Amino acid sequence: EDPSSSSSMQISVAPELPGFYYDPEKNRYFRLLPGHNNHNPLTKDSIQHKAMECKRLRLLEEEEKQNQKTARAGLNSSVLLQKRQLGSLSSTTYCRLVHELKVNCMQRRKIEIHSPDSSVAGTNNFKIIVADVACERIFTVNDVEHGGCKYGIINLSGLGKESLTVEMYDNLYFTNRKVNSVCWASLTHPDSHFSLTHFSKLCLMGIAETPGCASLLPASLFSSTNPGDRPGMLCSFKISTAWSCAWCLNPQADNCFSTGLTRRVLVTNVVTGHRQTFGTSSDVLAQQFATQTPVLYNGCRSGEIFSIDVRQRNRKGQSWKAIRLFHGSAVTSIHLMEAEHYLMAADMAGKIKLWDLRTAKSVKQYKGHHNEYALLPLHVNEEEGLLIAVGQDCYTRIWSLQDTHLLRTIPSPHPSSKDAIPSVVFSSRLGGSRGVPGLLMAVKQDLYHFSYN
């Protein structure tokens, strides 16, 4: 047998025996047990976890040695420039391939997090990070050891090419509930507030659920000023179990946000308090408003994606659903493209599809994403033609928007687990208009920057 052959090829050579596992290194079979056992802990889960960890460590070692292969054969800067000068590449194709080359050259560096309160930085695991439109600040949701979540804001102004330092500010609020969704909101100017939805965990006493809520918090809560001068929570709406939220930036539905609930959609005006309810046949797990029209797009657990014009009054039945698309599994994330003719959607079967809203047909599919049950977001950068998604296997994958080619797979710096799925932000201007480009990755208690230049 060729010693360079992979272990998976070696395993396939040995015949499979029911209830046994063949170890190619020891060249023998071991008995498998259905569950963990003190005498023999060898199970399918432990074998799979060991194989995934070996793969992750191998990929990390390759990245450290800068042994990363390019996504396409012959893709290097000199060849691209030569073809561009000869006229064999259009400016659009040249820019797209240059971005692909940059993606494959990204290197990981750890960011140092400073905080006015020394007890804040590096003490709690990151769960969610969401950047504002200008990528000047990042809103964070952190898990707390004794249960629940707390919130913070990271200022990216100190993120430079040489020094990788950021300032993190904590707030006065803490929730013992699980945060499901976060989005930036705008009342007086862009990204002045942010909205979150969350619901309670299952209680040990057997109580199934407690009512959730949607909260709107001023961003000024997170500052280095005197805590006594900070404003309080703007509003908090008690609702049933909430899965998703979205803020409307269209002036025809000003000061409105939506929450995706169990079998209904709730649109609320935060100034007047007026609510409008739309009944659905399934839980709404993902939402996004269009900017050119006051239309809300929703992704459901049933796999259905539909749109609602929030200007119309709710009517009985399904007649208020304008556009209807269907996935084969629960839709976990949707992203409306800039021209608002296309919609990107991901589901719990690991499928990512690009839909043409004019024909209600899937036009592209991006393969390689891994998901089974988690609510995992999509990140689209149309300016540079990239699609980024973090899988349930804790790998961050980057695709070409145009031809769906998988450009790079980035392993997590930490061992894979359910509570260590990275949360990422990608931008060509991290820290504002003069910021640095790259990918931010938050995993466990650490924040990393992948340089993109």
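Starting with the highest mean, order 124-137, 49-62 by the number of other Cβ atoms within 10 Å, averaged over the residues of each peptide. Please report the intermediate quantities before stating the final value.
On the way: 124-137: 18.7, 49-62: 13.5.
Ranking the peptides 124-137, 49-62 by packing returns 124-137, 49-62.
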**Item:** Violating pairs (Cα-Cα greater than 27 angstrom) within the set Lys50/Lys127; Lys238/Lys353; Lys65/Lys444; Lys178/Lys444
**Value:** Lys238/Lys353
**Message:** Run through the stretch 331-427 and list the trypsin sites (Lys or Arg not before Pro) located in a DSSP loop whose Cβ has at most 12 other Cβ atoms within 10 Å.
**Reply:** Arg358, Lys367
**Calculated from backbone phi, Karplus (6.51, -1.76, 1.60) coupling profile of the stretch 431-446 in Hz, x at Gly/Pro** = x, x, 4, 9, x, 9, x, x, 10, 9, 10, 10, 8, 6, 9, 10
**Under 5 Å, built H, 5+ apart or other chain: amide partners of Gln107** = Ser451
**Prompt:** In straight Cα distance, which lysines are under 19 Å from Lys321, not counting same-chain residues fewer than 8 positions off?
**Reply:** Lys361
**Request:** Return the long-range amide H neighbours of Phe222 (sequence gap of 5 or more, or a different chain), with a cut-off of under 5 Å between placed amide H atoms.
**Result:** none
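We did not get these values from a lab; they are worked out from the coordinates using the rules stated. For clarity, every value in this text was computed on a predicted model and none was experimentally measured. Because the Cβ atoms are built from the backbone with ideal geometry, glycine has one as well, and the counts that use them run over all protein chains shown.
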